[in-house]
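First up is the structure itself, then whatever we jot down about it.
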Amino acid sequence: MTVEAVSAGAILFRDTRGQREYLLLKSRPGDWEFPKGGVEGEEELQQTAIREVKEEAGIEDFRLIDGFRKEYDYVFEANGRTIHKTVHLFIARSFEASAELSNEHRDLQWRDYEQAINTITQDGPRDIFEQAHDYLDQLAAENGESSDGKYLA
């Protein structure tokens, strides 16, 4: 019997000197990922994503970006059970310069797009990350900014 599990998280970014950087967390098995975790109780997906950013990255001052939610899924074995997990990812902008490593992860790094896309090891999160980056570029262009955060002439 397959157990269904649902998680939510956020692709967290910050602007540093006009450059967009993304937060990646190194999990215990060694994959680089975004802050995410299981839905608790009656939480909405966005509430879970917000809680997980706070718990896993120690960031309090951030906001979710409207209009973006993507999902991927995978199957794994745990304690003799097959688990089908669906992960919902949002985009969030951090207004804090640093993050704190939680006990759930081995390392954390802020990386620019090229570094991040080459660090993410799993296809589902990598595909969604590409879509999120393009979405942020599109929003920046609509607001008269270039993708590096500078205003267009």
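Things to note:
- Restricting the first member to the stretch 54-75 and to residues that are in contact (Cβ under 8 Å) with a residue 60 or more places away in the chain, and the second to residues that are assigned to a helix (DSSP H, G or I) and aliphatic (A, V, I, L, M), the beta-carbon pairs closer than 6 Å and six or more apart or on different chains are K70/I128.
- In the stretch 1-35, the residue that is surrounded by the most Cβ atoms within 10 Å (Cβ to Cβ) out of those that are closer than 15 Å to R63 by Cα and not aliphatic (A, V, I, L, M) is P35.
- Restricting attention to the stretch 36-48 and to residues that are within 13 Å of the chain's Cα centre (by Cα) and either polar (S, T, N, Q) or surrounded by fewer than 10 Cβ atoms within 10 Å (Cβ to Cβ) (or both), the residue that is farthest from L101 (Cα to Cα) turns out to be Q46.
- Of all residues in the stretch 47-70, those satisfying the criterion of being at negative phi and in contact with a helix residue (DSSP H, G or I) (Cβ under 8 Å, 6 or more places away or on another chain) are I59, E60, F62, L64, I65, F68, R69, K70.
- If you go through the stretch 32-47 and keep only what is within 10 Å of H105 (Cβ to Cβ) and in contact (Cβ under 8 Å) with a residue 40 or more places away in the chain, you end up with W32, E33.
Per-residue answers, yes or no, for (1) modelled with pLDDT under 95; (2) over 26 Å from A140 (Cβ atoms):
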position: E55; (1), (2): no, yes
position: G58; (1), (2): no, yes
position: D61; (1), (2): no, no
position: I65; (1), (2): no, no
position: F68; (1), (2): no, no
position: E77; (1), (2): yes, yes
position: V87; (1), (2): no, no
position: S94; (1), (2): no, no
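The values are calculated or read from the model by the stated rules, or taken from the named source; none is laboratory data. The shown structure was predicted, so the numbers you read here are calculated from the model rather than taken from an experiment. As a convention, Cβ positions derive from the backbone with ideal geometry for all residues, glycine included, and neighbour counts pool all protein chains shown.
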